[in-house]
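J.: What follows is a structure written as C-alpha cells; I'll ask about it next.
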Amino acid sequence: MLNKKTFKSEIVIESPGRINLIGEHIDYNGGHVLPAAIDKKISLRFRMNNSNFCEIRSSNFKSSVTVNLDKIDRSEIEWHNFILGVLFHINAIKPNAVKGFDCIIESNLPFGAGISSSAALECGLAKGINELFDIGLTDLEIIKLSRDAEHAFVGTKCGIMDQFAVVKGQKDHLILLNCDTLDYQLIEADFDPYVVLLLNTNVSHNLANSAYNDRRDECDKALATIQKKHPEYRFLTEVPSKVVKELKKELPQNLFNRALFVCEENQRTLNAVDFLKNKAFDRFGQCLYQSHYGLQHLYDVSCKELDFLVEQTTDLDYVLGARMMGGGFGGCTVNIVHKDKVEELIDNVKAAYEDKFNITLTSIITTISDGTKKII
Ligand code: GLA
C-alpha cells in the first residue's frame with residue numbers, strides 16, 4: 001500500500017473545482033457559459049514505478065485501485081472509472097506512452113457538491129501523466145479526453161464546461177466560453193463589495209446521472225423537431241425563443257419547456273456578462289434568479305432543498321442573486337452577497353435549513369484561482 005508519509009513525488013499537480021455563475025445545462029447545447037476555477041483543489045502526487053501497473057490511492061476514500069495497463073476496462077466502483085477512463089483515452093491518443101506509476105490523491109473539494117470534483121480528478125490525472133511521461137498532450141486534448149472518459153467510463157454524457165474551466169481557469173477571472181467553437185474571453189471577476197458564496201445543501205439525489213442524460217436526449221429530440229421546419233439551426237441555443245414559441249404545438253410540453261429554457265438561458269448569460277462588465281451587479285443578480293426559476297420550472301433539474309435556499313434569499317437586499325449550480329438535484333447554490341453580510345446570511349439560512357430538513361448546511365466563500373497546474 002502506498003504510504004503518503006514516505007512517498008517521494010516526482011511530479012505534483014493541483015487541480016481545482018469550478019463554479020459556474022450562469023449558463024447552466026447549455027454547454028452540450030452549443031451555448032455560452034460563465035465558469036471559473038476555485039481555490040478548493042485535488043492534489044495528485046506521482047512517481048514512476050518501472051512496471052506495467054498503476055497504483056492510485058485516494059487518501060479521502062482510504063482505498064486504492066491497481067490498473068494493468070494492458071487491460072483497461074470499466075469497473076463497478078464509481079471513482080475507479082474516472083481513473084480508468086483517463087488512462088484508456090490517453091492510450092487511445094498516444095498508444096504505449098503511459099508506463100507504470102504510483103499516485104496519491106488528496107482532496108479538499110467536497111464530492112457531489114456540484115463543483116466538479118470529477119473533472120478536477122480527471123484533468124489532474126491526465127495532466128500529471130502527461131508531465132511524468134512527457135507525452136506532449138495539449139490542454140485541449142486533456143480537456144476533451146477527460147470529457148470522453150466521463151462519457152465512456154462514468155456514463156454521464158456531460159458537456160465540456162467543467163473540464164474546460166478546471167484546466168483553463170485563471171486567477172481572478174471568469175471564463176466566458178462559447179461551447180460550440182471553444183473560443184473564450186477572460187472577464188475580470190471583480191464583484192466588490194459583493195462576494196460569491198456557495199451554500200451546500202449536502203444532498204445529492206441519485207437521480208442526478210440518469211436525469212442528466214435524459215435532459216440531453218430531450219434536447220436532441222426538441223432540436224430534431226424544430227429542424228424539420230428550420231434545418232438551419234445546428235443547436236438549440238441558436239433557435240430564437242420566438243421560434244420555439246411558434247412551434248409550441250409541435251412539441252410535447254416537456255420538450256417545449258426544455259427548448260425554451262435553453263435558448264433563454266443562453267441569451268441570459270450573454271446579457272449577464274454585459275451587466276457584469278458595466279458593474280450593474282443588481283441586474284446581473286436578477287439574471288441568476290431568472291436562471292434558477294428556469295432550471296426549477298422549465299428544465300426541472302432543481303430539488304426542494306435548492307429551491308428552499310434560493311427562496312431564503314429573495315427578500316434580502318444584500319443578496320443580489322442566487323441559483324442552483326451545476327447538474328442539479330442537489331449540490332450548491334451560488335449567491336452574490338454583500339461582503340459585510342456573509343456571516344449573517346450563513347447563520348440565518350443555516351438555522352432555517354437545518355430546521356426544515358434536518359441536514360447540516362455548509363458554505364464556501366469562493367476565491368477564483370488558476371486551473372490545473374504542476375507545482376513540482
Ligand atoms: C454538469 C456537467 C456540465 C454541465 C453542467 C450543467 O456539471 O458536467 O457539462 O452540463 O452539469 O450546466
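J.: Give ASP148, ASP162 a once-over and let me know the one that is acidic (Asp, Glu) and within 30 Å of ASN278 (Cα to Cα).
T.: None of the others qualify; the one that does is ASP162.
J.: Here's a check for you: in the range 1-47, which residue that is assigned to a strand (DSSP E or B) and among the polar types (S, T, N, Q) is nearest to THR156 (Cα to Cα)?
T.: So, considering only residues that are assigned to a strand (DSSP E or B) and among the polar types (S, T, N, Q), the one nearest to THR156 (Cα to Cα) is ASN20.
J.: Which is closer than 26 Å to ARG216 by Cβ, in contact with a Ser or Thr (Cβ under 9 Å, 6 or more places away or on another chain) and surrounded by fewer than 22 Cβ atoms within 10 Å (Cβ to Cβ), of GLY30, GLY85, GLY100?
T.: GLY30
J.: Same structure again: Kindly provide the set of residues from the range 91-131 that are among the charged types (D, E, K, R) and within 30 Å of ILE22 (Cα to Cα), ordered by number.
T.: Result: GLU106, GLU122, LYS127.
J.: While we're on this one: Farther than 19 Å from LEU125 by Cα, under 14 Å from the mean Cα position of the chain (by Cα) and of a type in the set (Val, Ile, Thr): which single residue out of ILE175, ILE160 fits that description?
T.: The conditions single out ILE175.
J.: Sticking with this structure for a sec: Being crowded, with 17+ Cβ neighbours inside 10 Å and either under 21 Å from LEU186 (Cα atoms) or of a type outside the set (Ser, Thr, Tyr) (or both) is the filter here, so list the residues in the range 48-68 that pass it.
T.: Correct list: CYS54, GLU55, ILE56, ARG57, VAL65, VAL67.
J.: Test THR366 against the stated conditions and say whether it is closer than 30 Å to ASN209 by Cβ, crowded, with 17+ Cβ neighbours inside 10 Å, touching a strand residue (DSSP E or B) at 6+ places or on another chain (Cβ under 6 Å) and at pLDDT below 95.
T.: The answer is yes for THR366.
J.: In addition: Failed condition for SER43, given (1) out of contact with any strand residue (DSSP E or B) (no Cβ under 6 Å at 6 or more places or on another chain); (2) away from the ligand (no atom under 16 Å from the Cβ), with all others met?
T.: (1)
J.: Kindly evaluate GLY326 against the criterion of being under 25 Å from PRO240 (Cα atoms), within 19 Å of the chain's Cα centre (by Cα) and buried (at least 18 other Cβ atoms within 10 Å of the Cβ).
T.: In short, yes.
J.: Which of the strands (runs of 3 or more DSSP E) found entirely inside the range 92-192 contain at least 2 residues meeting this: over 20 Å from ASN266 (Cβ atoms) and within 13 Å of the ligand (Cβ to nearest atom)?
T.: Qualifying strands (runs of 3 or more DSSP E): none found.
J.: Can you pull out every residue in the range 146-168 that is out of contact with any Phe, Trp or Tyr (no Cβ under 8 Å at 6 or more places or on another chain) and either modelled with pLDDT under 95 or surrounded by 24 or more Cβ atoms within 10 Å (Cβ to Cβ) (or both)?
T.: SER146, ARG147, GLY155, MET161, ASP162, GLN163, ALA165, VAL166, VAL167
The values are calculated or read from the model by the stated rules, or taken from the named source; none is laboratory data. These numbers were taken from a predicted model, which means no experiment stands behind them. Here Cβ is always computed from backbone atoms with ideal geometry, including for glycine, and neighbour counts include all displayed protein chains.
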